[in-house]
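The values are calculated or read from the model by the stated rules, or taken from the named source; none is laboratory data. What you are looking at is a predicted structure, and each value in this text was computed from that prediction instead of being measured. Ideal geometry is used to build each Cβ from the backbone, glycine not excepted, and the neighbour counts take in all protein chains shown.
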């Protein structure tokens, strides 16, 4: 079964290693026959600040387009670095402004649970880091991974969410970086 895949590059520099990883996943998914679209957050025009909480703040055209693409997608792929244990501010602002009540989830009046409005989608997080992944997991408890996977995506009904931790990026040579690109391309071929 062919899938509609949306790749969201959360690094502010589209020419970063994260950009290369996003392209590798895209190449693998296209090679498997998937219909692929891509959003480069660095090219969108929007205010990343949720100024009034979930109050009245109009969505910019780029965020409306992003919501439409998320609705279209069956599989979401987020590619971003770990900075200070979590995602870059650009990606956090994008999440704050697009995964809104009434779009991504809906609270039930007088009931502690909520409706998960983005059900029927899966996701893959491809996350680079300077720390070794084992250290990030066992010493810090993977705070950024947990926030994105559980607190954002699964909260909105997106499941399963798989995580690929890539690191330590600063301590490896080009040969290892190429191996990671090949691995991510193979993930794209499997569309997982």
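Suppose we keep only residues that are part of a loop (DSSP other than H, G, I, E, B) and more than 21 Å from residue 191 (Cα to Cα) within the range 134-179. Which one would you say is nearest to the chain's Cα centre (by Cα)? Of everything passing the filter in the range 134-179, 142 is nearest to the chain's Cα centre (by Cα).
Hey, can you tell me all the residues within the range 1-36 that are without any contact (Cβ under 8 Å) to a residue 40 or more places away in the chain, crowded, with 16+ Cβ neighbours inside 10 Å and closer than 21 Å to residue 71 by Cβ? Across the range 1-36, the qualifying residue is only 36.
Scanning the range 89-99 turns up no residue that is at pLDDT 95 or above, surrounded by 15 or more Cβ atoms within 10 Å (Cβ to Cβ), assigned to a strand (DSSP E or B) and in contact with a strand residue (DSSP E or B) (Cβ under 8 Å, 6 or more places away or on another chain).
Per-residue answers, yes or no, for (1) at pLDDT 95 or above; (2) part of a strand (DSSP E or B); (3) closer than 30 Å to residue 180 by Cα:
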position: 27; (1), (2), (3): yes, no, yes
position: 30; (1), (2), (3): yes, no, yes
position: 37; (1), (2), (3): yes, yes, yes
position: 46; (1), (2), (3): yes, no, no
position: 52; (1), (2), (3): no, yes, no
position: 58; (1), (2), (3): no, no, no
position: 64; (1), (2), (3): yes, no, no
position: 67; (1), (2), (3): yes, no, yes
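Each residue in the range 109-133 was checked for being outside any loop (DSSP other than H, G, I, E, B) and either modelled with pLDDT under 85 or touching a helix residue (DSSP H, G or I) at 6+ places or on another chain (Cβ under 9 Å) (or both), and 9 pass.
For the range 118-131, a residue qualifies if it is surrounded by fewer than 18 Cβ atoms within 10 Å (Cβ to Cβ) and in contact with a strand residue (DSSP E or B) (Cβ under 9 Å, 6 or more places away or on another chain), and exactly one does: 130. Evaluation of residue 179 against the conditions (1) surrounded by fewer than 16 Cβ atoms within 10 Å (Cβ to Cβ); (2) modelled with pLDDT of 95 or more; (3) farther than 19 Å from residue 22 by Cα shows that the sole unmet condition is (3). Is it the case that the range 104-111 has a residue that's buried (at least 16 other Cβ atoms within 10 Å of the Cβ), within 24 Å of residue 69 (Cα to Cα) and touching a residue at least 60 places away in the same chain (Cβ under 8 Å)? No; the residues of the range 104-111 include none that is buried (at least 16 other Cβ atoms within 10 Å of the Cβ), within 24 Å of residue 69 (Cα to Cα) and touching a residue at least 60 places away in the same chain (Cβ under 8 Å). Checked against (1) modelled with pLDDT under 95; (2) out of contact with any strand residue (DSSP E or B) (no Cβ under 7 Å at 6 or more places or on another chain); (3) assigned to a helix (DSSP H, G or I), residue 185 passes all but a single condition, namely (1).
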